[in-house]
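A short write-up of the structure that comes next.
Throughout, read-outs are computed from the coordinates displayed, never taken from laboratory work. Computed from a predicted model, the values in this text were never measured in an experiment. When we count neighbours, we look across all protein chains shown, and the Cβ atoms used for this are built from the backbone with ideal geometry, even at glycine.
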Amino acid sequence: MMDPMEPAPIFILGLQRSGTNMMLGLLGHAPGLAVFNEDDPRAFSDFRLRDTDTVETLIRRHLPDACVFKAITDTLRWRRLLEAFHGARLVFMVRNPFDVVLSWLVEFPSSMSVVNHVLDYDFFKRNGEFFADVAETPTVDAHVRRYFGRFHGDGDYANKVALFWLLFHGVLLDSMFFERRDVLVIDFDSLLASPDTHTSRVASFCGVTLPPACQTIPASTGGHYFAARMDVDLANDCRRLYERVLGIGSGSRHGAARAD
């Protein structure tokens, strides 16, 4: 069990292609932080965070520095992170769903079988761990009923990635993740549009100092929305849920303030 007086770890969470690498890079410039990407064998095995004892040993080894872990594969197990690591802070990256779809199509063109497996095994059959800590999932249940069996074949890859985005964020919405005071939600587009504002929010939340140079973030793919060939119902549901996430975040203590 971690000593409450020790620096609490920071976990970067979010769906792939949502800006988590950018956030890790930002925090990597902060003095007094040790960063661990998901491919670091000291902290991760097959992109999953190692057991609690191993991670605690790693944290103590880097004292007095605090540790930052990009643990996106553990995002839907966020309750267990908070239970295992006293005072942990969670930085969650969210991105416009159509940008995520476009980025997946560019970066992961051969991952169709993985998306199929996650949708079928984890969400439709609920055989995974995603729902272990969530009593009720009305948002996810409604979307599963609506879209089960609707998309088939390689031509539906964009729709299936969008459905993955919808269900992934739906689980977090149903589990009240976005309302928590130990969660900071950062919108990818807003970070690009107003880097000074949002890096300052990150620094304050994490209790670190970020050098001025870190507040100049290069332009990326933000703003290139992808909706061609997508199911109209699904596209609308993704838009609505994205707006809900940003709206809930902006009303919480730390918020998901969006650029004007």
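Odds and ends about this structure:
- Backbone geometry of segment 131-143 corresponds, through the Karplus equation with coefficients 6.51, -1.76 and 1.60 at θ = phi - 60°, to 3J(HN,Hα) couplings of 9, 4, 10, 10, 5, 9, 10, x, 5, 5, 4, 5, 6 Hz, x marking Gly and Pro.
- Largest GNM mean-square fluctuation across 234, 58, 90, computed for the chain with C-alpha springs under 10 Å, falls on 58.
- Rounded FRET efficiency, nearest 0.05, which uses the C-beta distance separating residue 45 from residue 209 and R0 of 35 Å: 0.65
- Simple spin-label estimate for residue 142 and residue 120 gives 2.8 nm between the two label positions (7 Å along the Cα-to-Cβ direction from each Cα).
- Relative to the longest principal axis of the Cα atoms of the chain, the long axis of helix 52-61 lies at roughly 40 degrees.
- Of the peptides 65-78, 7-20, the order by per-residue mean of other Cβ atoms within 10 Å, starting with the highest, comes out as 7-20, 65-78.
- For the chain, the longest principal axis of the Cα atoms and the long axis of helix 157-174 meet at an angle of about 50 degrees.
- Förster radius 30 Å - calculated FRET efficiency between residue 132 and residue 181, Cβ distance, rounded to 0.05: 0.85
- Cα centroid separation, segment 135-180 to segment 54-94 (Å): 26 Å
- Modelled spin-label separation between residue 150 and residue 111, with each label point placed 7 Å from Cα along the Cα-to-Cβ direction: 2.2 nm.
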